Every structure is written in C-alpha cells, then in structure tokens.
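**Student:** Below are the structure tokens for one structure; questions will follow.
Nothing in this text is a laboratory measurement; each read-out follows from the coordinates by a stated rule. What you see is a predicted model, and the numbers here were worked out from it, not measured in a lab. With ideal geometry, Cβ positions are generated from the backbone for all residues, glycine too; neighbour counts draw on all protein chains shown.
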Amino acid sequence: MLSPTDLEFFAVVAQTPSLAAAARALDVTPSAVTQRLQELERRVGVRLVERRGRRPTLTAEGELLLAEGAQITEALALLHEQLAARRGEVAGPLRVLAPFGFGRRYVGPVAAEFRAIHPQVTIELTLSDRLARVPDASWDVAIHIGDEPSHRLRAEMLAPNARVLCAAPSLIAMHGEPTSPDDVRAMPCLALRENDEDVTLWRLRDASGRVRQVRITPVLASNDGDVVRDWALAGLGVMVRSLWSVADDLRDGRLVSMLPDWQLPAADVVAYAGAKRGRSARTTAFVAYLKERLTPAPWA
C-alpha cells in the first residue's frame, strides 16, 4: 500500500535534479533518500528510477507513479479542504508566489498573520520577480506588480501602485532638475531588470495625454530592487521605482520625485490564481485577507 507521504516523497525525488538535491529539499541525508526509495520500489515491485549517470531518470513506471500520484494528492487535498469547510475551517496547503522586495515587506508578514488565524493552513512562500517563467502548477496564488504577464490568468486587484521618477537631492544639485523628459536622457540613469519588461524605455504621459518615450542607457543596472534603490540614495543615478518601495524615502527627503507634470504607467498590485485553484477556500480567503491588509495601500 502506498501512503500520501510516499507520493509526496516520490514527487520531490522526481522533480529534483539528483538524489542529493532531493535530500536537501527533504532535509534528510542522501543515504536516507536512497534507502526510502529502495523500500518504495520494493513495495511496488518495480524500478521507479534509473540511477545510471549523474542525473537519475524516471522509468515508465516512475512516470506513471508521478502523474497518477499528483492527481491522488490533489484529490486528497481537495477532500481534506471540503471536510474542513464542513467544520467551518480553512485548511490545506497554500503555495504563494510573490516578487522579492514586495514579498519580503508585505506578503511574508501577511502570510504569517493568515496562518495564525487559520492554523489548519500550511503556507509555502516563494519569492521571484519572473512570474512568467515560473510554471503555473508550482503555485496557488501569485502576486504580481506591473504589466500583465499572461492573458491566460485571471487577475484580482489588490492595491493601486504608481511608478515614480526619482533621484537623490545630491544628484539633482549636481546635474540640475529636469524640466522635460528629454532632459532625463542626459542624466546618469539606473535600471531595475524585473518582470521581463523593457526597463530601458521609460514612457511618460502629461495631463493632456501626450506621451513621450525616453530610451536610457543605464550606467548601473541590477535585478535587485534594494541594490538599485541604494545606488539612487547614494546619488549615482535617476531611477523609476514603484511607489510602495520609495514612499518613505520621498516623505523623508532622501529621494525627490521629478517631472511632477508627467506620469509613468501604473504598476498596480494584483493576485492571480488558476481556474481550478481559484475555487479553493484557502486561496479565496488568503487573497481576500491580503487585499484587506493592503486597503488602504500602506504606501499611499
């Protein structure tokens, strides 16, 4: 007989590049993984993994167990959730994907609060700024900021968020305050590479609806928002950042908003859920709680 823990164990083994990686994911020794895999194969009576070469591969029987096991595990999770709902509880595993900076500052604390309210829920929070590159099957709720990554997904608005063009007072003192978007091109600029967007093309719109595009050549670029913010605070360049990440700096004068008559495209905070996972009580409850905690937006 196979147990749910057997299926979960084999899924980890099948989806990691090596038995050593599986051991790290399971927080056990490699020998423990090998022994448990051998015991699993003994009980089912077939070989599940070919161990020749550096990267183990699944046999046909292993592929079958992985596919069918995933369906069984999902069905058991749904049954557990339905029974919990009859008791008036929110329960089951919840996998949340969120951007690095926003996830650390807002989603992580909210996840801890949600778990305290619903102790029957287990939460796994993964941070990544590349939502489009993360398989849908690996998350239940995805938090995203900025341009919509996929029209296949259904978005729910969580909080409004503007983008601002800003720099340190020291940089403005050195180069002068720009009076038009074209002036920005002559200043040192910083780029944050995230969300697979074209981050070197800044689009600004004035009150009349006129759009001006500014193509920058960044003097410094990074995929980490905190690094780019630190560069801006040090007076090394102009940057475009979400208001949620720089609101405190603008309020305290460490950064100054530039070109107040021109607006950048908004980068609202939204939540995505797949059609099937969107019906789960824990997914619905978590998104509703996160929206509540972000209303009004703390950075507004």
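**Student:** Hey, can you grab everything whose amide H is under 5 Å from the amide H of residue 59? Only 5+ residues off in sequence or another chain; H modelled, so Pro and N-termini drop out.
**Tutor:** Here 49, 50 satisfy the definition.
**Student:** For region 94-235, what size does the Cα cloud have along each of its three principal axes, sorted from largest down, in whole Å?
**Tutor:** That works out to 57, 32, 26 Å along the principal axes.
**Student:** Using a 10 angstrom cutoff on alpha carbons, build the Gaussian network for the chain and name the most mobile of 93, 30, 119.
**Tutor:** 30
**Student:** For the chain, set up a Gaussian network in which alpha carbons nearer than 10 Å are linked by springs, and say which option among 69, 101, 146 fluctuates the most.
**Tutor:** 69
**Student:** Turning to a different aspect of this structure: Could you derive backbone 3J(HN,Hα) for region 264-269 from the dihedral phi with the Karplus parameters 6.51, -1.76 and 1.60 (θ = phi - 60°), listing whole Hz in sequence and x where the residue is Gly or Pro?
**Tutor:** 8, x, 5, 10, 5, 8
**Student:** Now a separate question. Tell me the net charge near residue 259. Cut-off is 10 Å between Cβ atoms, residue 259 excluded, with +1 for each Lys or Arg and -1 for each Asp or Glu. Let's see the in-between values first.
**Tutor:** Values: positive: 212; negative: 177, 183, 206, 261.
Net charge in that neighbourhood comes out at -3.
**Student:** Let me ask something else. Can you give the relative contact order of region 4-82 as a percent, counting alpha carbon pairs under 8 Å and 6+ residues apart? It would help to have the intermediate numbers written out before the result.
**Tutor:** Values: 61 pairs, mean separation 24.4, N = 79.
Result for region 4-82 is 31 percent.
**Student:** Compare 35, 120, 213 in a GNM of the chain, Cα atoms joined below 10 Å, and give the one with the largest fluctuation.
**Tutor:** Its mean-square fluctuation being the largest, the pick is 35.
**Student:** Normalised by the number of residues in the chain, what is the relative contact order in percent for Cα pairs under 8 Å and 6+ residues apart?
**Tutor:** Here the relative contact order equals 20 percent.
**Student:** Hey, another quick one. In µm²/s, what is D for region 241-300 at 10 °C and 1.306 mPa s, where D = kT/(6 pi eta Rh) by Stokes-Einstein and Rh is the Kirkwood radius from Cα pairs?
**Tutor:** So the translational diffusion coefficient is about 112 µm²/s.
**Student:** With a ≥ b ≥ c the root eigenvalues of the C-alpha gyration tensor of region 1-116, is it rounded (a/c under 1.5), prolate (a/b larger than b/c) or oblate? Don't jump to the answer; show the numbers that get you there.
**Tutor:** Numbers: a/c = 2.64, a/b = 1.51, b/c = 1.74.
Oblate is the answer for region 1-116, as a/c is 1.5 or above yet b/c matches or exceeds a/b.
**Student:** To the nearest 500 deg cm²/dmol, what mean residue ellipticity at 222 nm is calculated for the chain from DSSP H runs of n ≥ 4 alone, each contributing -39,500 (n - 2.57), summed and divided by the residues? Could the numbers behind the result be given before it?
**Tutor:** Details: 10 runs with 116 residues, N = 300.
It lands at -12000 deg cm²/dmol.
**Student:** So who's got an amide H within less than 5 Å of the one on residue 263, skipping anything under 5 residues away but keeping other chains? H placed 1.01 Å off N, in plane.
**Tutor:** Residues meeting the criterion, in which the H sits 1.01 Å from N, are 205, 206.
**Student:** For residue 44, what charge total do you get from the other residues with a beta carbon under 11 Å from its beta carbon, if Lys and Arg give +1 and Asp and Glu give -1? Intermediate results must be reported in sequence, preceding the final value.
**Tutor:** Values: positive: 42, 43, 47; negative: 6, 39, 41, 61.
Summing Lys and Arg as +1 and Asp and Glu as -1 gives -1.
**Student:** I would also like to ask the following. Could you please state, rounded to a whole Å, how far the C-alpha centre of region 95-114 is from the C-alpha centre of region 246-271?
**Tutor:** 21 Å
**Student:** In whole Å, largest first, what are the principal axis extents of the Cα atoms in the chain?
**Tutor:** Computed over the Cα atoms, the extents are 75, 50, 31 Å.
**Student:** Summing Lys, Arg as +1 and Asp, Glu as -1, what charge do residues with Cβ under 12 Å from the Cβ of residue 203 carry, residue 203 excluded? Don't jump to the answer; show the numbers that get you there.
**Tutor:** Values: positive: 163, 205, 210, 212, 215; negative: 147, 197, 198, 206.
Combined, the nearby Lys, Arg, Asp and Glu give +1.
**Student:** Restricted to Cα positions, what overall size does region 163-263 have along the principal axes? Three whole-Å values, descending.
**Tutor:** 33, 31, 25
**Student:** Quick check: the angle from helix 30-44's long axis to the longest principal axis of the chain, C-alpha only, nearest 10 degrees?
**Tutor:** The angle comes out at about 50 degrees.
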